[in-house]
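Scroll down for the structure; my scribbles are underneath it.
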Amino acid sequence: MKQPNIARAGVVLAGAALAALAGPGAQANAVTIEFPQVPTLAYGGLCGTTIRTWADVSPAWPGRAIINMRALPVVGIGDGDYPLAPLCEVRTMVDWRNTTTGAVGRYEDTIVTGLYGSIQYALFQDTGPGHIEVTVSTDAASIPAHGWFDVPAPAAPPA
């Protein structure tokens, strides 16, 4: 359904108003922690790629982190109509463990990559506050990576 121009303008203005209310400092303390890259084979031909993973944490989302995954450009030969421009995929898992609370979890997705790499895959994880250790692996032959990050606790209420 096509929106009239006035409706689109209203949506844009409402978004600008919300951004102004959030203020410039809402994401100012966000921190990005990148983990070692994971070289891996991929499915869809004779393909290989490297998986980048990282976490974003911020006091704005206490007890939570965003886990991100993205594949670098694929190398190899595909089995499709364009074998020199392969489109390959690999199931990627980020297993995390909160060493402070004992909580565990997994973020996994099938990453599809081509000549220009993949899109970014990202999802909030309810890790709880504390020290988080991660292991990144795939369901194909790969060299898993290990990393860690810290998730902030909720701020104490003002006295």
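The values are calculated or read from the model by the stated rules, or taken from the named source; none is laboratory data. The structure displayed is predicted, hence computed values, not measured ones. For neighbour counting, all protein chains shown are included, and Cβ atoms are generated from backbone atoms with ideal geometry for every residue, glycine included. Please note that ligands, DNA and RNA were not included when accessible areas were found on the heavy atoms of the full protein model with its side chains. Shrake-Rupley method; radii C 1.70, N 1.55, O 1.52, S 1.80 Å.
Computed values, structure above
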item: Listed peptides 98-104, 138-144, 42-48 by packing density, highest first (mean Cβ within 10 Å); result: 42-48, 138-144, 98-104
item: Largest-first principal axis extents, alpha carbons of the range 100-159, Å; result: 55, 22, 14
item: Solvent-accessible area of Val75 with every protein chain in place, 1.4 Å probe, in Å² to the nearest 10; result: 100 Å²
item: The range 41-90: projected area of the alpha-carbon convex hull, averaged over directions, in nm²; result: 4.1 nm²
item: The range 31-149, Rg to Rh (Cα coordinates; Rh as Kirkwood inverse mean 1/r); result: 1.04
item: Rounded accessible area per residue of the range 69-155, 1.4 Å, Å²; result: 54 Å²
